[in-house]
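Colleague: Let me give you the structure first, and then I'll get to my questions.
The values are calculated or read from the model by the stated rules, or taken from the named source; none is laboratory data. Note that the coordinates shown come from a computational prediction; the quantities given were computed from them, not determined experimentally. Methodologically, a virtual Cβ is constructed for each residue, glycine included, from the backbone with ideal geometry; neighbour enumeration extends over all protein chains shown. Keep in mind that these areas ignore ligands, DNA and RNA; they rest on the heavy atoms of the full protein, side chains included. Shrake-Rupley method; radii C 1.70, N 1.55, O 1.52, S 1.80 Å.
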Amino acid sequence: MNPARERAAEIRPGVLRPAWSAATTPAARQALAGRMTARSGLLVKWSHALETNEDIVWRTVLRLYAAKGRPPSIDEIAATTGIDGGRVGALLRKLQLRDLVGLDAGTETIWLAYPFTERATGHRVELDGHVLNALCAIDALGVAAMYGTDVTVESQCRSCGETIRVTTVDVGRALRSVSHPEAVVWYDFAYTDNAASSCCPAIAFFCSDGHLQRWLGSQASPRAGARLDMNEALEVGRAIFGPVLAAARQDDGSEDLP
């Protein structure tokens, strides 16, 4: 891989996203490169890092979402962070511009905070006693590394509808089991406005290469993306979501409290 293609955004001091070191296979690295190319405009926005309070609210939203099994309210975020509720609302709107959260139109009610959504997607993640909807297959596979705990993912083959069940081990660094040994993931590169409405609906599990090819052949127009086996897909999920809650690093190598 050409290092020039290994583009990443510094989401907080010393923390880069995606984490290219998590992608050891050529297919995973090529998928990340395709993702970054498709989202070059979003990467420009990330040339300016989040303000401290934006980052605090982002991470608080994600921690509370996992702890409660639902999106947190403005009051809950304010109580946890000590930031005034009115300011929290303004910060959430700024996070939405970065495609990190989604708010119901005209309100400050959170309906998505990647990797989770309140909309039914068919991708379900069992996390610490809660069952949450993930935006897509890669988001679902990235949850374990993001929270540092193993998960169970259940979804359906996009072609035949059969249930595919995946469990992780070693806090998301490896697969414990896959119900369909030949299962694959299609990682779609389409991106306009936000991932939830563009690429996420097409990033899906398939129980075999044959079913993936059948689905691709049924599309109205050719799709740009990458076919990943389950280990490669897990690597992509780790690379994208593993850094999200990581603590900032100081110049001396120490870590800030998250």
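Colleague: For the range 178-192, name all the residues that are farther than 15 Å from GLY237 by Cβ and either in contact (Cβ under 8 Å) with a residue 40 or more places away in the chain or assigned to a helix (DSSP H, G or I) (or both).
Modeller: PHE189, ALA190, TYR191
Colleague: Go through the range 198-211 and give me each residue that's touching a strand residue (DSSP E or B) at 6+ places or on another chain (Cβ under 9 Å), over 17 Å from ALA38 (Cβ atoms) and surrounded by fewer than 19 Cβ atoms within 10 Å (Cβ to Cβ).
Modeller: Listed by number, the residues that qualify are SER208, ASP209.
Colleague: Could you run through the range 136-177 and say how many residues are within 16 Å of PRO243 (Cα to Cα) and assigned to a helix (DSSP H, G or I)?
Modeller: Number satisfying all stated conditions: 10.
Yes or no, residue by residue, for (1) open to solvent by less than 10 Å² (accessible area, probe 1.4 Å); (2) outside any loop (DSSP other than H, G, I, E, B); (3) out of contact with any Cys (no Cβ under 6 Å at 6 or more places or on another chain):
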{"position": "ALA196", "(1), (2), (3)": "no, no, yes"}
{"position": "GLN213", "(1), (2), (3)": "no, yes, yes"}
{"position": "LEU216", "(1), (2), (3)": "no, yes, yes"}
{"position": "SER221", "(1), (2), (3)": "no, no, yes"}
{"position": "VAL236", "(1), (2), (3)": "yes, yes, yes"}
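Colleague: Can I ask one more? Filter the range 100-110 down to the residues that are under 15 Å from the mean Cα position of the chain (by Cα), more than 11 Å from TYR65 (Cβ to Cβ) and not small (Gly, Ala, Ser) and list them by number.
Modeller: LEU100
Colleague: Are there any pairs with C-beta distances below 9 angstrom linking a residue in the range 91-119 that is crowded, with 16+ Cβ neighbours inside 10 Å and outside any helix (DSSP H, G or I) to a residue that is at pLDDT below 95 and basic (Lys, Arg), with the two at least 6 apart or on different chains, and if so which?
Modeller: ARG98/LYS45; ASP99/ARG39; ASP99/LYS45
Each row is one residue, and each column tells you yes or no for (1) under 27 Å from ARG173 (Cα atoms); (2) touching a Phe, Trp or Tyr at 6+ places or on another chain (Cβ under 6 Å); (3) surrounded by 20 or more Cβ atoms within 10 Å (Cβ to Cβ).
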{"position": "GLU10", "(1), (2), (3)": "yes, no, no"}
{"position": "PRO18", "(1), (2), (3)": "yes, no, yes"}
{"position": "ALA28", "(1), (2), (3)": "yes, no, yes"}
{"position": "LYS45", "(1), (2), (3)": "no, no, no"}
{"position": "TRP58", "(1), (2), (3)": "yes, no, yes"}
{"position": "TYR65", "(1), (2), (3)": "yes, yes, yes"}
{"position": "ASP75", "(1), (2), (3)": "no, no, no"}
{"position": "GLY82", "(1), (2), (3)": "no, no, no"}
